[in-house]
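The values are calculated or read from the model by the stated rules, or taken from the named source; none is laboratory data. Bear in mind the structure is a predicted one, so any value in this text is a computation, not a measurement. So basically every Cβ, Gly included, is an ideal-geometry build from the backbone, and we count neighbours across all protein chains shown.
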Amino acid sequence: MAVSGLIFIGFLLIHMYGNLKVFAGHDAFNEYAHHLRTFGEPMLPYGGLLWIIRVTLIAALVAHVSSAVMLTIRAGKARTTKYAVKKNLASSLSSRTMRWGGLALFIFVIWHLIHFTIGKVNPTGGATNDPYQLVVDSFGLWWMVLIYLAALVAVGLHLHHGTWSAMQTLGLTGSPRARSRAKAAGLVIAVLIAGGFALVPLSVLFGIVA
Amino acid sequence: MSASTTEEAKTGMKLTLKIWRQPDATSSGKLHTYQLADVSPDMSFLEMLDVLNEELNAKGEDPVAFDSDCREGICGMCGLMINGEAHGPEVTTTCQLHMRSFSDGDVITIEPWRSDAFPVMKDLCVDRQAFDRIIQSGGYISVNTGSAPEAHSVQVPKDAADRAFDVATCIGCGACVAACPNGSASLFIGAKITHLGELPQGQAERDSRVVDMLGQHDAEGFGGCTNIGECAAACPKEIPLDVISQLNKDLRTAMLHGR
């Protein structure tokens, strides 16, 4: 759970860097998308790096989801009679929404892949072979921006608990100070990633990127 | 004491108690409602239940079964879910909780620890032998009996002694399991792992201890930890969450050693 989660955090940071290239303009963004495929040539075949990343992410996803399912099943079996009254004293909104939020993210990722990778759906009916144009056309629509912002809220919540939880699972938070630092790291990563990704759709919607 | 509290002590509080009643381990149970008047704020929570039981006895009804032993907060025997909080609203054991923490007219829901690894035996009593079996699986050190060795023959650094002592205050009451949304006993095991792992005498069995205790924990049907933190908030002895990190660190080390 922890290791696969950290792989996702690493991927999101790289993904976010690529997205922010949109501010460098049409050509720079499309060149970056092209370079992702030619990266490592001729040592790697065309698209080789992307396939290495994809296989790693799929392996991490299988590990992450199967651990989550196992933990959920164990939790269900550990308390078959529920409390009539139960208060939350220490849990955060993010820790309480890990399971449903994770499922929501899974569904979002499928949609996101259909939208930008597998299907390249341009909701305005425009060009689909121009990554920059696809981004600008998509996020010119308010409801599309809304879907992505909702997903980013879910990402932020998931990372807020997930980051500190991963560090705790790896045994790196053995003192009160280390614990508060890990929780701070969770907040920073959540805000950084959710905020960084949100810049692109919002900038398109408000006409900063066109 | 303020005038209003004195007044309250004279007249006593009126409480509505919703208490889980279950005749035995195999029967199903449900919440029963009782009215209790003249509750002194100076009573402990268990004394309040004693008063209720005296009334039930006088009426020829079956008294409410609940666990208690030392009634001074050091044995870990008592433990009730009170209004959704393990051991109630104060950071202490149920026996050290007093009725001054409640107000006149309060409705108090009292349930047993809910964990399938702690089956309900009757009413509010649960069977916590699962904890004993976890301790038997590795929560010990092996030393020869006989006369006590010279105290200074094994040096213990002050920081290690302090941390070991702080987590050794775990009384195994099970509040961590009761409060955990996953029904995990990680805080309990973490406390034992940290306590023995900080001391020189605990090193010989350090790797096997964490592996065996966790194996027994899972076999008993406790859930897995997802670092929510409800356990540490419920712990009457304020065992901190870092013991779970220590547990994971010791497990990682044991795995690297091929356990």
So how many residues does the range B:171-183 have that are within 11 Å of chain A (Cβ to nearest Cβ) and surrounded by fewer than 24 Cβ atoms within 10 Å (Cβ to Cβ)?
2
Of everything in the range B:53-71, what is over 24 Å from B:ILE239 (Cβ atoms) and either part of a loop (DSSP other than H, G, I, E, B) or touching a helix residue (DSSP H, G or I) at 6+ places or on another chain (Cβ under 9 Å) (or both)? Give them in sequence order.
B:LYS59, B:GLY60, B:GLU61, B:ASP62, B:PRO63, B:VAL64, B:ALA65
All helices (runs of 4 or more DSSP H) inside the range A:11-99 with 1 or more residues being of a type in the set (A, V, I, L, M), free of Cβ contacts under 8 Å to residues at least 40 places away in the same chain and within 27 Å of B:ASN83 (Cβ to Cβ):
A:48-78
With the structure loaded, tell me whether A:ASN30 is surrounded by 13 or more Cβ atoms within 10 Å (Cβ to Cβ) and either within 14 Å of chain B (Cβ to nearest Cβ) or of a type in the set (A, V, I, L, M) (or both) or whether it fails that test.
no
Determine whether B:ASP50 is surrounded by fewer than 18 Cβ atoms within 10 Å (Cβ to Cβ), touching a helix residue (DSSP H, G or I) at 6+ places or on another chain (Cβ under 8 Å) and either more than 14 Å from chain A (Cβ to nearest Cβ) or within 26 Å of B:CYS231 (Cβ to Cβ) (or both).
no
Output the residue which, of all residues in the range B:72-99 that are without any contact (Cβ under 8 Å) to a residue 60 or more places away in the chain and part of a loop (DSSP other than H, G, I, E, B), is nearest to the other protein chains (Cβ to nearest Cβ).
B:GLY84
When you look at B:ASN227, is it crowded, with 24+ Cβ neighbours inside 10 Å, at pLDDT 95 or above, outside the structural domain of B:CYS75 (by TED's automatic domain parsing) and not hydroxyl-bearing (Ser, Thr, Tyr), yes or no?
yes
Counting only helices (runs of 4 or more DSSP H) wholly inside the range B:192-259, the ones holding at least 1 residues that are at the interface with another protein chain (Cβ under 8 Å from one of its Cβ atoms) and of a type in the set (A, V, I, L, M) are B:230-234, B:242-256
Could you tell me whether the range B:67-74 includes any residue that is at pLDDT 95 or above, in contact with a Gly (Cβ under 8 Å, 6 or more places away or on another chain) and in the same structural domain as B:SER115 (by TED's automatic domain parsing)?
yes
Which ones in the range A:158-190 are modelled with pLDDT under 95 and either hydroxyl-bearing (Ser, Thr, Tyr) or outside any helix (DSSP H, G or I) (or both)?
A:GLY174, A:SER175
Among the residues of the range A:140-157, is there at least one that is surrounded by fewer than 17 Cβ atoms within 10 Å (Cβ to Cβ), away from chain B (no Cβ under 14 Å) and not in a helix (DSSP H, G or I)?
yes
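Conditions tested, residue by residue: (1) surrounded by fewer than 20 Cβ atoms within 10 Å (Cβ to Cβ); (2) in the same structural domain as B:LYS18 (by TED's automatic domain parsing); (3) under 15 Å from the mean Cα position of the chain (by Cα); (4) β-branched (Val, Ile, Thr).
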| residue | (1), (2), (3), (4) |
| --- | --- |
| B:LEU97 | no, yes, yes, no |
| B:ARG100 | yes, yes, no, no |
| B:ASP104 | yes, yes, no, no |
| B:PHE118 | no, yes, yes, no |
| B:ARG133 | yes, no, no, no |
| B:ALA185 | no, no, yes, no |
| B:ALA191 | no, no, yes, no |
| B:GLY197 | no, no, no, no |
